[in-house]
Amino acid sequence: QVEKRLELVKQVSHSTHKKLTACLQGQQGVDADKRSKKLPLTTLAQCLMEGSAVLGDDSLLGKMLRLCGEAEDKLAQELIHFELQVERDVIEPLFLLAEVEIPNIQKQRKHLAKLVLDMDSSRTRWQQSAKSSGLASNLQPSGTKADALREEMEEAANRVEICRDQLSADMYNFVAKEVDYANYFQTLIEVQAEYHRKSLALLQNVLPQIKAQQEAWMEKPSFGKPLEEHLAVSGREIAFPVEACVTMLLECGMQEEGLFRVAPSASKLKKLKAALDCCVVDVQEYSADPHAIAGALKSYLRELPEPLMTFELYEEWIQASNIPEQEKRLQALWNACEKLPKANYNNIRYLIKFLAKLTEYQDTNKMTPSNVAIVLGPNLLWPQADGNMTEMMTTVSLQIVGIIEPLIQHADWFFPGDIEFNVTGNYGSPMHVNHNANYSSMPSPDMDHADRRQHDQARRPLSVATDNMMLEFYKKDGACLCVPPSMGVRVMDTSWVARRGTSVARKASSTPPATQPPAPPAELPSVPHSPIPEQSPDISATPSPPPTSFGFPTGAER
């Protein structure tokens, strides 16, 4: 049985030794320094460190390359130590087992077979000698020759016995040492575990440093990121794209016809998006195209992983919009507003206040509360479901309009108090003429004569196309059609514009209801006739009345 296992163990040990040797990344049989030079991890670490030196520590990529290069170099040193230990404790013993110990036993077995043949040959010669002497079979041969043959036979038998004993001892020893041979593989796993533990400790030590560098780097995109994450990173209360777009639109877009409905040039949007991703934007250039700014705001809202009005409250918003009684519907909408997370509440309040201010100029910009709700509603609230977004939004668009429209109409009732739109004081744009005339901007009043002349030469008309992806929810007979909103762009911080004054409230705020809202007035508030927000007359403290029919325009509006 042992002889049969010998060959099998030899084959397995030889194959394992060969595969283990192939797993070594360094050159086998050389010291640590020579092995390190040809190790792929060492080459990678050198490449990363060289890249870090080229880019410098003043760039985020340079810092990342330096930290990663140092980590890879430490990992390379751990790998060298691991391979040396595996080579010493596993590979070499397996080699001795497969190529020395078992072959020695097999050679001993062959030697025993040869001795047995020699013994048989001696016995045969002795027997032939006895026959030739004519002696009886029961008598022993005599004489010098017979004695020599007998001694040769006995010596051969003695050598066979010694060799057989030695072979048996080697085989029993092999069986007894099988636990030691098995321990080679236990050692392999233990050494691997220790190597991976040390490597993991190195990675866990460097990872917080890498994350700290990432978090400390302020130039981060905000589009497509969760609202809370963006606010935490930037240390803001109002999302950066929301404040930037709103503040610039207050300067240059309040009287723009079809704002949020007409799409700008796709190439201009792409250029603006690329520029803003680099935290570089010429506010003066893009303020000449309020539609691009409005598209950026819509895009930011739509690209949020979760709508501003949250998935969690989606059913509550929809149920509130389905309440037929006017006062109960307002109360339900107010209750849903109060349940919004703080970050979402602050931003929806900021946005609704702006949209309410935008509708003051509906005679000029044609954006009534209903129209604004139609084009912006699907960007503020949508269901959390897979499938065709167009088909899905078609079924709920009417309800979403019924939610957003009263929020805009009664902004000061839902969100009492004045609001400072230019929170950071870093946004604004030069004064503008009506953009319906070539969409060209007026130079800043702070420009000197030379800059003003250069600005006049640089002015050029803007190509504006109607966005075929934009939607009209209302056709005759109240039919509803929803198309996905148009793409927009991100807006980063700008600091060249002086701080503007606070916005003027359209009307005095009303106290939110404790349990039931106050009885709403019978008619909507009048719209200011002045195109300049700062010159709009104050309205009485009466709360904004709800519409007679949420989500549906009157016959005259249609």
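The values are calculated or read from the model by the stated rules, or taken from the named source; none is laboratory data. As the structure is a computational prediction, the values presented were derived from the model and not from experiment. A quick note on method: Cβ atoms are made from the backbone with ideal geometry, for glycine too, and the neighbour counts reach across all protein chains shown. All accessible areas refer to the heavy atoms of the entire protein, side chains included, with ligands and DNA or RNA removed. Shrake-Rupley method; radii C 1.70, N 1.55, O 1.52, S 1.80 Å.
The H on the amide N of Leu304, modeled in the peptide plane, is under 5 Å from the matching H of Gly224, each at least 5 residues off or on a different chain.
Rolling a 1.4 angstrom probe over the protein heavy atoms with all chains in place gives the stretch 231-371 an accessible area of 33 Å² per residue. The gain in end-to-end length when the Asn173 to Cys47 segment is fully stretched comes to 40.1 nm, 0.36 nm per residue minus the alpha carbon separation. Electrostatic tally near Ala169: other residues with Cβ closer than 15 Å to its Cβ, Lys and Arg +1, Asp and Glu -1, net -1. Gain on full extension, evaluated as 0.36 nm per residue between Asn322 and Gln25 minus their Cα-Cα distance, stands at 100.1 nm.
When you count the other C-beta atoms within 10 angstrom of each residue and take the mean per peptide, 409-417, 1-9 line up highest first as 409-417, 1-9. Seen from Met49, the other residues with C-beta closer than 14 Å to its C-beta sum to a net charge of -2, counting Lys and Arg as +1 and Asp and Glu as -1. Exceedance of the 28 Å cut-off in Cα-Cα distance is limited, within the set Lys10/Lys110; Lys37/Lys220; Lys225/Lys268, to Lys37/Lys220. Electrostatic tally near Gln77: other residues with Cβ closer than 12 Å to its Cβ, Lys and Arg +1, Asp and Glu -1, net -3.
Between the amide H of Phe421 and those of Ser503, distances stay under 5 Å, these residues lying 5 or more places away or on another chain, with hydrogens modeled in the peptide plane. For Lys357, the lysines whose Cα falls under 23 Å of its own Cα, not counting residues fewer than eight places away in the same chain, are Lys298, Lys342, Lys366, Lys507.
Would you please give the FRET efficiency between Ala148 and Lys4, computed as 1/(1 + (r/R0)^6) with r the Cβ-Cβ distance and R0 = 60 Å, to the nearest 0.05? E(calc), rounded to 0.05, equals 0.90.
Cross-link pairs exceeding 24 Å in C-alpha to C-alpha distance, out of Lys270/Lys353; Lys38/Lys74; Lys18/Lys114; Lys4/Lys107, comprise Lys270/Lys353; Lys18/Lys114. When only alpha carbons are used to place a centre, the stretch 282-312 and the stretch 30-92 end up 45 Å from one another. Placing unit charges on the Cβ atoms of the charged side chains and taking the dipole of the stretch 227-414 about its Cα centre, the candidate lying farthest along the positive direction among Leu381, Tyr345, Ser267 is Ser267. With R₀ set to 51 Å, the beta-carbon distance separating Trp217 from Thr364 gives a calculated FRET efficiency near 0.75.
Is the shape of the stretch 174-223 rounded, prolate or oblate, going by the alpha carbon gyration tensor and its root eigenvalues a ≥ b ≥ c, with a/c under 1.5 for rounded and a/b larger than b/c for prolate? It comes out prolate by the Cα gyration axes. The mean sequence separation of alpha-carbon pairs under 8 Å and at least six residues apart, normalised by the residue count of the stretch 227-414, gives a relative contact order of 28 percent.
If R0 is taken as 35 Å, the Cβ-Cβ distance between Leu61 and Gln186 corresponds to a FRET efficiency of 0.20.
Kirkwood radius and radius of gyration were both taken over the C-alpha atoms of the stretch 227-414, and their ratio Rg/Rh is 0.96. Taking 0.36 nm per residue of sequence separation and subtracting the Cα-Cα distance, how much length would be gained by fully extending the chain between Ile210 and Ala266, in nm to one decimal? Contour length minus Cα-Cα distance gives 16.5 nm.
Here the peptides 299-307, 145-153, 161-169, 399-407 are ranked by packing, the mean other Cβ count within 10 Å, and the order with the highest first is 399-407, 299-307, 145-153, 161-169. Carbon and sulfur atoms: what percent of the 1.4 Å accessible area of the stretch 227-414 do they account for? Ligands and nucleic acids excluded, carbon and sulfur give 50 percent.
Towards the positive end of the charge dipole of the stretch 227-414, with charges on Cβ (+1 Lys, Arg; -1 Asp, Glu), say which of Tyr286, Leu330, Ile408 has the farthest Cα. My answer, from the dipole projection, is Tyr286. Amide H contacts of Lys220 (H built 1.01 Å from N, in plane; Pro and chain starts excluded): no residue 5 or more places away or on another chain comes under 5 Å.
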